[in-house]
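Down below is the structure, laid out as structure tokens.
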Amino acid sequence: PLYSSAASDVYKRQTLLGKYSHILPTLYITSHNYRHIDILQKSNTNVKLGFSLSNGLPIETFMIDSWVTPLSFICIHWSIATYDVLQYMKQRGKRVFIFTVHNQPEYQYIMEHFSQYVDGIIANILC
């Protein structure tokens, strides 16, 4: 079995961040857990941080400036995207990514309804 400790994880992260620091400004990191975003923000790592939304909570729950301010982008499942949320994010200068597109009808739906708000689409198909 593999064993890991917090100290070795920190060492590995510092080694990787040092070795690849030249590409950090181009990295986009997202999580469904805001605590991960908070930890990365406090580490002053020069990456773009985002939050992924795909749950059944009312999406307006996430329209809180104090949550959105540290983010560079939002990654939202296409089935829960709304005009209100997408407009809110764009008004605050956040990039918007839609995920996960599995077929052509889903892709068409996004393009017909949200193309003016979307900066990128994460897909399991070639669009």
Can you name every residue in the stretch 66-80 that is within 11 Å of the chain's Cα centre (by Cα) and either part of a loop (DSSP other than H, G, I, E, B) or among the charged types (D, E, K, R) (or both)? 71, 72
What are the residues in the stretch 94-105 that are open to solvent by 40 Å² or more (accessible area, probe 1.4 Å) and at pLDDT below 95, if any? 102, 103, 104, 105
Can you name the number of the only condition in (1) touching a helix residue (DSSP H, G or I) at 6+ places or on another chain (Cβ under 8 Å); (2) open to solvent by 60 Å² or more (accessible area, probe 1.4 Å) that residue 114 fails? (2)
Of 36, 77, the only residue that is out of contact with any Cys (no Cβ under 6 Å at 6 or more places or on another chain) and open to solvent by 60 Å² or more (accessible area, probe 1.4 Å) is 36
Failed criterion for residue 104 (all others in (1) touching a strand residue (DSSP E or B) at 6+ places or on another chain (Cβ under 6 Å); (2) more than 24 Å from residue 33 (Cβ to Cβ) hold): (1)
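Kindly indicate the residue of the stretch 84-93 that is among the charged types (D, E, K, R) and part of a helix (DSSP H, G or I) and also surrounded by the most Cβ atoms within 10 Å (Cβ to Cβ) among those meeting that condition.
Looking at residues that are among the charged types (D, E, K, R) and part of a helix (DSSP H, G or I), I get 90.
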Six or more apart or on different chains, Cβ under 6 Å: which pairs go from a residue in the stretch 108-127 that's of a type in the set (Lys, Arg) to one that's surrounded by 14 or more Cβ atoms within 10 Å (Cβ to Cβ)? Could you list them? none
Inside the stretch 39-60, can you point out the residues that are open to solvent by 60 Å² or more (accessible area, probe 1.4 Å), assigned to a helix (DSSP H, G or I) and farther than 25 Å from residue 111 by Cα? 39, 41, 42
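The values are calculated or read from the model by the stated rules, or taken from the named source; none is laboratory data. Just so it is clear, the model here is predicted, and its values are computed rather than measured. Counting neighbours? That spans all protein chains shown, and the Cβs are built from the backbone with ideal geometry, glycine included. Quick note on the areas: whole protein, heavy atoms, side chains included, nothing else; ligands and nucleic acids left out. Shrake-Rupley method; radii C 1.70, N 1.55, O 1.52, S 1.80 Å.
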